[in-house]
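To keep things clear, I will list the structure first and then write my remarks on it.
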Amino acid sequence: MAFSKKLKQLFSSAPKKNKWDGLIEAYKPWLPVTKNTPIITLKEGATPLIEVKSIANRIGKGAKVYIKYDGLNPTGSFKDRGMTMAISKAKEAGCEAVICASTGNTSASAAAYATKGGMKSFVVIPDGYVAQGKLAQALVYGAEVIAIKGNFDKALDIVRELSEKYPITLVNSVNPYRLQGQKTAAFEIVENLGDAPDWLCIPMGNAGNITAYWMGFKEFFHAKKSKQLPRMMGFQASGSAPLVENKIINNPETIATAIRIGNPVNKEKALLAKESSNGKFTSVTDSEIIESYKILGREEGIFCEPASAASVAGLLKVKDDVPKNSTIVCVLTGNGLKDPDCAIKNNDSIFHTGIDPEINSIIKTMGF
Ligand SMILES: *Cc1c(COP(=O)(O)O)cnc(C)c1O
């Protein structure tokens, strides 16, 4: 009896260290959910913050640089943070189907969470401009995929109209619950570092994520959970930089397909985040993006998709502006496995093919 009582005590007092039930459970008081909200989760969030010395060394001046590796979310991108909220709220409202326009990651995430929540999903994508991994995900998670002969901006126009006329919920980042979920990444950074960083570097497409991060940093700052606010440093690909050039880009082009967007829906909010944080928007070329993509893989063991590498490429581009002893976080928004074609085409590794399967020819190939 005494022993079993002791055992019971032991178990009940065991630290709940490995318990992570997703970001809604973790940050409930900060999110627009109630007891009646059904929580649809794949245990997203709690992604690692990784120090990257190879980037810091290229900057010098005592900089500390970290990667917020949001490509480690359940479907491989930060979109899951917003989708757990958007789908939970759609479920609460009794909705049976969701729709989105997507450069790929939103469709993958919407499809997975809709399926988890017992809803149907439709995704409208630009034909031929969605990376293989993302398309594979949408199909595997059971979405109905509609590829249009037009770009993302066109696809978004269509789904916006559709969701107004038919009983189907739009889960693009115009859906305010998306940004609510995404702001939790800023909370995690503050909790990991013990304060907000000096700079936050982030790629921008529709500019929902930069808006969400800024919201998160402000909320924690006002709640006295951080002593400072970061400068919001947003980066776009130079062929697709409406926020840098301050105009709509009709035919955006870039290898970073996730940010191939010419008319960002969250433009006003993103500009406000830039102004209030004394931030800066800059564009980076595709070759600068690929250079950073390679550095992260080769020198840090971190595989991200090209759009994500824009944050690091951007930081390196404006490194002369980095003040002494700064703490900088670069957001890596998506996983490298999303876009295997890009990876195979863009690396400096040695790949011997057609080698005879015998030890001598292998030894010779290896240069011994
Ligand atoms: C969606 C996405 C972005 C852009 O985020 P926005 O909120 O549209 O600015 C950047 N990188 C990846 C990998 C994405 O999937």
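Considering the range 120-145, and only residues there that are in a strand (DSSP E or B) and closer than 23 Å to A256 by Cβ, the residue that is most open to solvent (accessible area, probe 1.4 Å) turns out to be V145. Taking first residues from the range 300-329 that are assigned to a helix (DSSP H, G or I) and at pLDDT below 95 and partners that are crowded, with 23+ Cβ neighbours inside 10 Å and of a type outside the set (D, E, K, R), no Cβ contact under 6 Å between residues at least 6 apart in sequence or on separate chains turns up.
Condition check ((1) open to solvent by less than 10 Å² (accessible area, probe 1.4 Å); (2) within 15 Å of the ligand (Cβ to nearest atom); (3) small (G, A, S)) across all residues:
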| site | (1), (2), (3) |
| --- | --- |
| T254 | no, yes, no |
| P306 | yes, yes, no |
| T327 | no, no, no |
| T365 | no, no, no |
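Note on the range 223-252: residues that are in a strand (DSSP E or B) and open to solvent by 60 Å² or more (accessible area, probe 1.4 Å) total 1.
Among the residues making up the range 74-119, those that are open to solvent by 10 Å² or more (accessible area, probe 1.4 Å), closer than 22 Å to P29 by Cβ and either among the acidic types (D, E) or within 11 Å of the ligand (Cβ to nearest atom) (or both) are F78, E92. If only residues of the range 41-73 that are more than 24 Å from D339 (Cβ to Cβ) and part of a strand (DSSP E or B) are counted, the one that is farthest from the ligand (Cβ to nearest atom) is K64. For S276, the conditions (1) open to solvent by 10 Å² or more (accessible area, probe 1.4 Å); (2) closer than 21 Å to K338 by Cβ; (3) of a type in the set (G, A, S) are fulfilled apart from (2). Residues that are in a strand (DSSP E or B) and open to solvent by less than 10 Å² (accessible area, probe 1.4 Å) within the range 279-291 comprise just one, V284. Given the residues K269, K294, which is the only one that is within 12 Å of the ligand (Cβ to nearest atom), open to solvent by 20 Å² or more (accessible area, probe 1.4 Å), at pLDDT 95 or above and part of a helix (DSSP H, G or I)? The match here is K269. Screening the candidates L193, L156 for the property of being within 12 Å of the ligand (Cβ to nearest atom) and either closer than 25 Å to L229 by Cα or open to solvent by less than 50 Å² (accessible area, probe 1.4 Å) (or both) yields one hit, L156.
The condition (being within 13 Å of the ligand (Cβ to nearest atom) and more than 24 Å from A270 (Cβ to Cβ)) is satisfied by just one residue among G128, G133, G181, G208: G133.
How many of the residues in the range 18-52 are in contact with a strand residue (DSSP E or B) (Cβ under 9 Å, 6 or more places away or on another chain) and either touching a residue at least 40 places away in the same chain (Cβ under 8 Å) or buried (at least 17 other Cβ atoms within 10 Å of the Cβ) (or both)? The qualifying residues number 4. Just to be sure, is I261 in contact with a Pro (Cβ under 8 Å, 6 or more places away or on another chain) and surrounded by fewer than 23 Cβ atoms within 10 Å (Cβ to Cβ)? Considered against the rule, which asks whether it is in contact with a Pro (Cβ under 8 Å, 6 or more places away or on another chain) and surrounded by fewer than 23 Cβ atoms within 10 Å (Cβ to Cβ), I261 comes out as no.
In the range 162-184, the residues that are touching a residue at least 24 places away in the same chain (Cβ under 8 Å) reach residues that are among the hydrophobic types (A, V, I, L, M, F, W, C) and open to solvent by 30 Å² or more (accessible area, probe 1.4 Å) with C-beta atoms within less than 7 angstrom, at least six apart or across chains, in these pairs: I168/L162; S173/V265; V174/V265; L179/M215; K183/M215. Report yes if L243 is within 14 Å of F281 (Cα to Cα), of a type in the set (A, V, I, L, M, F, W, C) and either within 16 Å of the ligand (Cβ to nearest atom) or free of Cβ contacts under 8 Å to residues at least 12 places away in the same chain (or both), otherwise no. So L243 fits the description; yes.
The conditions of being crowded, with 17+ Cβ neighbours inside 10 Å, of a type in the set (A, V, I, L, M) and more than 16 Å from the ligand (Cβ to nearest atom) are not met by V171.
The values are calculated or read from the model by the stated rules, or taken from the named source; none is laboratory data. The shown structure was predicted, so the numbers you read here are calculated from the model rather than taken from an experiment. Positions of Cβ are backbone-derived with ideal geometry, glycine not excepted, and every protein chain shown enters the neighbour counts. We work out accessible area using only protein heavy atoms, side chains counted, and drop any ligands, DNA or RNA first. Shrake-Rupley method; radii C 1.70, N 1.55, O 1.52, S 1.80 Å.
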